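What follows is a short report on a single structure.
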Amino acid sequence: MYTNTACLHRFAMSAAILLTMSVVAVAQQFEVKSIVIEQPWIRATPAGAEVAGGYMTISNTGSEPDRLIGGVLPQAGHFAVHEMKMDGNVMHMREVEGGLEIKPGQKIELNPSSGYHMMFMGLREPLKQGDTLKGQLRFEKAGVVDIEYRVEAVGAQSPHQHGAEIPHQHNH
Amino acid sequence: MRKIRQNAVWIGATLVALILVGAVLFGSNYLRDDRALPKVAEIGGPFSLVDHHGKSVTDRDYLGKPTLVFFGFTHCPNVCPTTLFEITNQLKELGPDADRLNVLFITVDPERDTPQQLALYLSSFDPRITGLTGGPENILAAEKAYHVYAKKVPLEDGGYTMDHTATIAVMNSKGQYVDAMHYQAPSTAMRAKLHRLLNLKDS
């Protein structure tokens, strides 16, 4: 009987630990009215860099369009949403005028490969991998939302990409 | 007695032959760079720039080793850090073999990318990457030589960003264009090209 209780106890403990771990593993999510922001992250910056790219997924669960029109990151002078396009081998970068529109039901992914990204300018200090940075986003209708960015590796392509970390030296 | 002397001659001859074969194989490892990869296009040419240590350099300073040449700028959030980071990882993986390679990062934004700014920025990447800048005409001449498109794009806040070609030009040790590495091609493809360039066997 004693053993059974111990077993049960151990099981409950493991379950509790697993549950906590899964809660921690759940994507960082921030909401304001109909706007849902998932997994905001920023690339760590090389020394002397004055700009940084920010990435996340923004969804509009409401029935009206909204626009990302601004925000704050204390480490940067200001930021804008930019659109990057590859035209053959040439990279083109444009500021998204009037803010980034998110239509009802739309989910927009901001990532370093192509398409949209946040462009933080006038950096006051280098952004270091592993840090968490507090910031705010401002939407035309939903208003202001506090978010937190994870700082990932300099060349990271996604918030989970550990392959982008400097690898150990191999002997081939 | 005669037999022993004959044996000694044979052993001696075999040793000499082995040494010769070894020397040829060893030597060819260093000479194969040029033979392996022929020129494929009239890309590249003379340039006269300043490296991130403030030293005046020309294209001739980089002859004798294969060279990767790519253009970018330090006020660049996506393409340039991605490429520099990728190259850093590749060079680390190559280890000492990467010493047989030049890597040149030429700025398309000489206005902001001074030698000091390039030195600071490149301190975050592999030290074997050289940053080059220069006067606007010198940069323009280098862009033209490498068929690189670069254009200033004004931003709302009064600042600017740059559109530019994101491809890496691969030059052989004679400064001839032999290959290209495209932006966001898989790391494995880049690794294979570097191995080919340096005559390394894929493991």
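The values are calculated or read from the model by the stated rules, or taken from the named source; none is laboratory data. These figures come from a predicted structure and were not determined experimentally. Neighbour counts run over all protein chains shown; Cβ positions are idealised from the backbone, glycine included. Just the protein is used for accessible areas: all its heavy atoms, side chains included, with ligands, DNA and RNA removed. Shrake-Rupley method; radii C 1.70, N 1.55, O 1.52, S 1.80 Å.
Taken over the alpha carbons of the stretch B:161-203 as equal point scatterers, the Debye sum produces base-10 log I(q)/I(0) values at 0.14, 0.29 Å⁻¹ of -0.39, -1.07.
State the percent of C-alpha pairs, over all pairs in the stretch A:49-172, separated by a distance greater than 19 angstrom. Mind dumping the intermediate values first?
Working: 4037 of 7626 pairs.
Roughly 53 percent, rounded to a whole number.
Within the full protein context, the accessible area of residue A:66 is estimated at about 10 Å² for a probe radius of 1.4 Å. For the stretch B:156-196, the solvent-accessible area of protein heavy atoms averages 39 Å² per residue (probe radius 1.4 Å; ligands and nucleic acids excluded). Using only side-chain charges placed at the Cβ, +1 for Lys and Arg and -1 for Asp and Glu, the dipole size of the stretch A:78-138 relative to its Cα centre rounds to 200 debye. Taking both sides together, the accessible area buried where B meets A is about 3100 Å² for a 1.4 Å probe. Surface composition of chain B: carbon plus sulfur atoms contribute 61% of the solvent-accessible area (1.4 Å probe, protein chains only, all chains present).
In summary, the lysines within cross-link reach of residue B:174, defined as a Cα separation below 16 angstrom excluding same-chain residues under 8 places away, comprise B:39, B:65. For residue B:152, the accessible surface of its heavy atoms amounts to roughly 100 Å² (probe 1.4 Å, protein chains only, rounded to the nearest 10).
Using only the alpha-carbon atoms, how far is helix B:187-197 inclined from the longest principal axis of chain B? Give it as 0 to 90 degrees, nearest 10. The angle comes out at about 50 degrees.
Segment residue A:129..residue A:160, full-extension length gain: 9.9 nm, with 0.36 nm per residue of separation and the alpha-carbon distance subtracted. Taking every protein chain into account, the 1.4 Å probe leaves residue B:123 with about 80 Å² of accessible area, to the nearest ten. Using the Karplus relation 6.51 cos²θ - 1.76 cosθ + 1.60 with θ = phi - 60°, the per-residue 3J(HN,Hα) values for the stretch B:79-96 come to 5, 5, x, 4, 5, 5, 5, 4, 5, 4, 5, 5, 5, 4, 5, 5, x, x Hz, with x marking Gly and Pro. Spatially, the stretch A:69-83 and the stretch B:109-154 are offset by 26 Å when compared through their Cα centroids. Spatially, the stretch A:86-136 and the stretch B:158-203 are offset by 26 Å when compared through their Cα centroids.
Per residue, how much accessible area does the stretch A:32-172 have with a 1.4 Å probe, in Å²? Before the final figure, lay out the partial values.
Details: 6500 Å² over 141 residues.
Result: 46 Å² per residue.
Considering only protein heavy atoms, with the full assembly of protein chains and a 1.4 angstrom probe, order B:157, B:113 by accessible area, largest first.
Details: B:157 80, B:113 0 Å².
Sorted by accessible area, descending: B:157, B:113.
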